[in-house]
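J.: The structure under discussion is supplied below as structure tokens; questions concerning it will follow.
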Amino acid sequence: MNHKRLWLCVAAVLIAGVAVAIGIAWEPAIAPIAAVPPATFDRRLKLEGARVVALGDCAVCHTAKNGKPFAGGLPLATPFGTIYATNITPDGQTGIGNWSEEAFARALRRGIARDGHPLYPAFPYVHFTRMSDHDIAAAYAYLMSREPVHAQTPANRLIFPLNHRPLVAFWNVLFLRAGPRDADPEKDAQWNRGKLLVDGLGHCAACHSPLDPIGGEKAGHAFDGGVVDGWDAPPLNALNRAARPWTQAQLAAYLRTGHASEHGAAAGPMLPVTRDLATVPQEDVEAIAAYILSIQKPAVRNDVTSSEMKVAATSPTAAQQRGSVLFAASCAQCHGAGSPMQTLGERPGLAFSTAVNAPTPRNAIQTILGGIGWHGEDATTYMPAFGGLYDDRQVADLVTFLRGAWSTQPAWIDVEAAVTKIRQENDAR
Amino acid sequence: MISLTVNGVRHALDVDPSTPLLYALRNDLHLHGAKFGCGLGQCGACTVIVDGQPVFSCVLPVSAVGTRSVRTVEGLGSADRPGPLQSAFIKHQAVQCGYCIAGMIMRAQALLDRNPHPTENELREHMQPNLCRCGTHLRILAAIREVAGMPAPDAGAAAVHQPDHQKAV
């Protein structure tokens, strides 16, 4: 008898557990709608939507290389496999053409697609959830009045068991706090606007924070820096530890132009972000900059006191000597002291470069391997790629030379192995 | 002495190791096809092929070439006996002032060696780094298409690279 009762209890607990799990994971579909003519949206709302969509960097992920804007298909390499960004043009079959505004808002606030399936958190709904209702309505009006593109998103390639979407519901229990947040009455309007843009729409922490083993942003480490697409996303709370501490004016200019007079140029995944932010009003990037500068950790050191090249305290190593030969032929035309490029457009010398002074050589290596491509007619930063010219040891020699000649930070170690590894990662992407 | 193999011939050069490959080719080996354009790796007039890769020879130190073989436009044919790309460039009158052309031909050759029948997008993406200030890009592309046996593109193809999401609402 006791056995029977025990089994009944176990069965009851199991059934209750499954019911709770289904309750957590199950979401209803929202009815599809007929195609909405773009003219039905208010023109001013669409214009505001352009600003919202630029601040949210939607096009950066939702546009494939050489693809149509917002038509998706860009592969995002994650530690758990490859996810393809979806088509968010108003195409009825392959895009969001039959999504109502309610369905669109649910996707942004809670990461649920119109048909009820959970979206992967590579889509930063944990941040977009803070958007205001008005911003969501504006973004909807703008996206729904783009040109519909018929483009089927490729199937994701994720490892087991993460290829099973309903598991995302349990991730959401841990990481999603849905809904907007109240403004902080102690702080001024600009700071609150900046915080909303940084934590919400701009989702800066999605790249600039370390991730925990299941892909959530590590609690208590927001803005401590992360790795994305093979690049270091530098910490945003240590801008006062740069060779020259960042100023608000420099940060605002960097966000809009991709160029900072005492820090360097945007490259890698940050470059398209600055291209988007170039289109938003100055007051928005000022607000972002003001908020970012308010979250700095106490400064610990600030060594570089002049723009002059540091005098090496020790004699150069063989690697540095080999690197200096490469530098003289490949780099000095633009980066050497007194070169014409150094006198144009407030370009910083290498002593101020964020990449040369970083804790790891990753971004210096990536910049040398891939350069900075042409990016629009008004691009002021360009650098040829040297990945096809140099072997791993040559890249390592050059990086080692740069660090020794221009930074007061300790030498990087195992640079050649890092070059080999980064090249392999790039090839696999 | 630095050893350098150009168009199948091995040379020993007594030059500073940081001399750009372009200077060694022009000043020491008297191969004047590759041109000095910007000296910054921005224009492509100096493009030669190193181990199958199109490279800006103005920013590659001669000592970094090592054992890799270098090909220049002189290796593709001569004025009397032009190679296939050179013939096509002549036929399509792809040359106006001619300064960029050696680099254009070498970049195109590197593509066709690796991929004899590229798509229109692959062709345009590959040729993008090389600039022609006379503006003969369309004739240059037509010449390359002929050698690759590619069809002429339809009128809409040129718009592929234009981002239109930032245009007015």
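J.: I'm checking my understanding of the structure. Among residues of segment A:24-40 that are in a helix (DSSP H, G or I) and among the hydrophobic types (A, V, I, L, M, F, W, C), which one is modelled with the highest pLDDT?
T.: So, considering only residues that are in a helix (DSSP H, G or I) and among the hydrophobic types (A, V, I, L, M, F, W, C), the one modelled with the highest pLDDT is A:ALA39.
J.: Among the residues that make up segment B:16-35, is at least one of them away from chain A (no Cβ under 14 Å) and acidic (Asp, Glu)?
T.: yes
J.: Here's a follow-up. Just for segment A:380-399: of the residues that are within 25 Å of the chain's Cα centre (by Cα) and among the aliphatic types (A, V, I, L, M), which one is surrounded by the fewest Cβ atoms within 10 Å (Cβ to Cβ)?
T.: A:ALA385
J.: While we're on this one: Looking only at segment A:351-383, count how many residues are part of a helix (DSSP H, G or I), away from chain B (no Cβ under 13 Å), among the hydrophobic types (A, V, I, L, M, F, W, C) and in contact with a strand residue (DSSP E or B) (Cβ under 9 Å, 6 or more places away or on another chain).
T.: Looking only at that region, the number is 1.
J.: Quick check on segment A:82-105: of everything there that is hydroxyl-bearing (Ser, Thr, Tyr) and out of contact with any strand residue (DSSP E or B) (no Cβ under 7 Å at 6 or more places or on another chain), which residue is nearest to A:ALA34 (Cα to Cα)?
T.: A:SER100
J.: Oh, and also: Do the conditions hold for A:ALA54, that is, is it in contact (Cβ under 8 Å) with a residue 12 or more places away in the chain and touching a Gly at 6+ places or on another chain (Cβ under 8 Å)?
T.: Spelling it out, it is not the case that A:ALA54 is in contact (Cβ under 8 Å) with a residue 12 or more places away in the chain and touching a Gly at 6+ places or on another chain (Cβ under 8 Å).
J.: Just checking, how many residues over segment A:225-243 are outside any helix (DSSP H, G or I), out of contact with any helix residue (DSSP H, G or I) (no Cβ under 6 Å at 6 or more places or on another chain) and farther than 21 Å from A:ALA206 by Cβ?
T.: Going through segment A:225-243 one residue at a time, the tally reaches 1.
J.: Wholly within segment B:44-129, which strands (runs of 3 or more DSSP E) include no fewer than the required count, namely at least 2 residues that are within 14 Å of chain A (Cβ to nearest Cβ) and either buried (at least 18 other Cβ atoms within 10 Å of the Cβ) or at pLDDT 95 or above (or both)?
T.: B:47-50, B:53-56
J.: Conditions first: (1) in contact (Cβ under 8 Å) with a residue 12 or more places away in the chain; (2) within 12 Å of chain B (Cβ to nearest Cβ); (3) under 25 Å from the mean Cα position of the chain (by Cα); (4) surrounded by fewer than 22 Cβ atoms within 10 Å (Cβ to Cβ). A:HIS335 passes all but one, so which condition is the exception?
T.: It fails just one condition, (3).
J.: Okay, next question. Looking only at segment A:384-401, count every residue that is of a type in the set (A, V, I, L, M) and touching a Gly at 6+ places or on another chain (Cβ under 7 Å) and tell me the total.
T.: Matching residues across segment A:384-401 total 2.
J.: Can I ask one more? Could you please let me know if A:LEU8 is of a type outside the set (Gly, Ala, Ser) and more than 21 Å from A:VAL149 (Cα to Cα)?
T.: It is true that A:LEU8 is of a type outside the set (Gly, Ala, Ser) and more than 21 Å from A:VAL149 (Cα to Cα).
The values are calculated or read from the model by the stated rules, or taken from the named source; none is laboratory data. This one's a predicted model, so the numbers in the text were calculated from it and none came from an experiment. Note that we place each Cβ from the backbone using ideal geometry, even for glycine, and neighbour counts take in every protein chain shown.
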